[in-house]
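First the structure, in the form of structure tokens, and then the observations on it.
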Amino acid sequence: MTWQQGGEGPINIASDGSRLFVANRKSHNLTVLGLDGKLIATIPTGDGALGIDYDAKTNRIYAANRGSGTATIIDGKT
């Protein structure tokens, strides 16, 4: 199965069980997909989003941005 996910250079993925979070290295963003593959949101990150993780306890998504040397923390509710 292949989905168009709205970012360039997808490199890592995480999930909360109902959504997929995709780190996009080239477009410097994170895309959120439903499990049906439909694009829910595109969220800006720092340059070169690389690693991604979801913390179920805090309902936060973490993206490590290699190009800018930063981390982006996203509230999973919004």
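The values are calculated or read from the model by the stated rules, or taken from the named source; none is laboratory data. Fair warning: this is a prediction, and the values are worked out from it, not measured in the lab. Note that we place each Cβ from the backbone using ideal geometry, even for glycine, and neighbour counts take in every protein chain shown. What goes into the accessible areas is simple: the full protein's heavy atoms, side chains included, and nothing from ligands, DNA or RNA. Shrake-Rupley method; radii C 1.70, N 1.55, O 1.52, S 1.80 Å.
Being open to solvent by less than 50 Å² (accessible area, probe 1.4 Å), part of a strand (DSSP E or B) and within 12 Å of Phe21 (Cα to Cα) is the filter here; which residues of the range 51-78 pass it?
Once the filter is applied, which keeps residues that are open to solvent by less than 50 Å² (accessible area, probe 1.4 Å), part of a strand (DSSP E or B) and within 12 Å of Phe21 (Cα to Cα), the range 51-78 yields Gly51, Ile52, Tyr54, Ile61, Ala63, Ile74.
Identify all residues within the range 1-42 that are among the acidic types (Asp, Glu) and in contact with a strand residue (DSSP E or B) (Cβ under 7 Å, 6 or more places away or on another chain); write none if there are none. Before the answer, list the steps.
Narrowing the range 1-42 to residues among the acidic types (Asp, Glu): 8, 16, 36.
Glu8, Asp16 - these are the residues of the range 1-42 that are among the acidic types (Asp, Glu) and in contact with a strand residue (DSSP E or B) (Cβ under 7 Å, 6 or more places away or on another chain).
Output the residue which, of all residues in the range 21-42 that are part of a strand (DSSP E or B) and open to solvent by 40 Å² or more (accessible area, probe 1.4 Å), is nearest to Gly9 (Cα to Cα).
As a first pass, look at the range 21-42 and keep what is part of a strand (DSSP E or B): 21-24, 29-34, 39-42.
In the following step, the residues that additionally are open to solvent by 40 Å² or more (accessible area, probe 1.4 Å) were identified as 39-40, 42.
On the way: Leu39: 16, Ile40: 18, Thr42: 14 Å.
The qualifying residue nearest to Gly9 (Cα to Cα) is Thr42.
Residues in the range 1-20 that are in a strand (DSSP E or B) and more than 24 Å from Gly69 (Cα to Cα): how many?
Step one: filter the range 1-20 for residues in a strand (DSSP E or B), giving 10-15, 19-20.
Those left that are additionally more than 24 Å from Gly69 (Cα to Cα): 19.
Qualifying residue count for the region: 1.
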